[in-house]
1. Could you please find all residues in the stretch 209-231 being more than 8 Å from the ligand (Cβ to nearest atom), at pLDDT 60 or above and outside any loop (DSSP other than H, G, I, E, B)?
2. Give me the pairs, please: first residue somewhere in the stretch 167-189 and at negative phi, second residue anywhere and part of a helix (DSSP H, G or I), beta-carbon distance under 6 Å, and either six or more positions apart or on two chains.
3. Would you check if there is a residue in the stretch 175-189 being in contact with a strand residue (DSSP E or B) (Cβ under 8 Å, 6 or more places away or on another chain), assigned to a strand (DSSP E or B), under 17 Å from residue 87 (Cα atoms) and more than 16 Å from the ligand (Cβ to nearest atom)?
4. Of all residues in the stretch 65-77, which are touching a residue at least 24 places away in the same chain (Cβ under 8 Å) and within 25 Å of residue 174 (Cα to Cα)?
5. Please go through the stretch 150-164 and pick out each residue that is within 11 Å of the ligand (Cβ to nearest atom) and part of a loop (DSSP other than H, G, I, E, B).
6. Name the pairs: first residue in the stretch 25-43 and surrounded by 10 or more Cβ atoms within 10 Å (Cβ to Cβ), second residue part of a helix (DSSP H, G or I), Cβ to Cβ under 7 Å, at least 6 apart or on different chains?
7. Determine which single condition residue 100 fails, assuming it passes every other condition in (1) touching a helix residue (DSSP H, G or I) at 6+ places or on another chain (Cβ under 9 Å); (2) farther than 18 Å from residue 200 by Cα; (3) at pLDDT 95 or above.
8. Residue under question is residue 58, and the condition is that it be in a loop (DSSP other than H, G, I, E, B) and in contact (Cβ under 8 Å) with a residue 12 or more places away in the chain; does it hold?
Ligand code: SF4
């Protein structure tokens, strides 16, 4: 009984080596590497710079920040997040989500809604994998879509009743009540940063929600495992002839 030392005849050691294996074809992998390189070059050119943007608003959500302390949480409201499914940066089309942060006052004056066609100048940042625009100016609404869904008072009520979702299912991400909250966890003398999904309609769970099927893809896998980080590889930058 006890520990088997290497000199003992009962000692048996099995070494298991794990090697990464390509699950896609060489051609697909090369195409992905090329796309990634194009994206990184584009990012290097545009990051922290002011640039012309043009796109259709896909949704708007209140922007909350959560701080986790040893003895409780703080939940602050810091404006609104305008979501674009794709966006022109000058003549380059970014075929991926781009987010623009605006203050509550700017949002109220613009009265933005889903489907609005927006042209502006903005500064590009990268926030933990997300392309985020700030300092929007010279904002022009070229065409109107739907009326605004949120306002500040609705957002402040939602802040009090919001519920934390255990996973980040696609349906909640598409739903106007699903908000990804930036979390700063200050417990144990360290600062950890991550995001959590909150339902601003106060549903206890997405599987019990009547709206969920409306916003989800029926083929979606509804397990509660973390989202596949490979999703970030869907980004594409095209140099397109915008007129
Ligand atoms: S639980 Fe329902 S209401 Fe809440 S974010 Fe998800 S789909 Fe929307």
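1. Going through the stretch 209-231, the residues more than 8 Å from the ligand (Cβ to nearest atom) turn out to be 213, 217-231.
Next, from what is left, pick out any that are at pLDDT 60 or above: 213, 217-220.
Listed by number, the list holds a single entry, 213.
2. As it stands, the answer is 169/206; 171/212; 171/215; 172/206; 174/215; 175/215; 178/172, since those pairs meet every condition given.
3. There is no residue in the stretch 175-189 that is in contact with a strand residue (DSSP E or B) (Cβ under 8 Å, 6 or more places away or on another chain), assigned to a strand (DSSP E or B), under 17 Å from residue 87 (Cα atoms) and more than 16 Å from the ligand (Cβ to nearest atom).
4. To start, the set of residues in the stretch 65-77 that are touching a residue at least 24 places away in the same chain (Cβ under 8 Å) comprises 65-70, 75, 77.
The answer is 65, 66, 67, 75, 77.
5. The answer is 162, and nothing else.
6. That search, which allows pairs on different chains as well, returns 32/233.
7. (1) is the only condition that residue 100 fails.
8. Here the answer is no, as residue 58 does not meet what is asked.
The values are calculated or read from the model by the stated rules, or taken from the named source; none is laboratory data. Everything numeric here is computed off the predicted structure, so don't read it as measured data. Every residue, glycine as well, gets a Cβ built from its backbone with ideal geometry; the counts of neighbours run over all protein chains shown.
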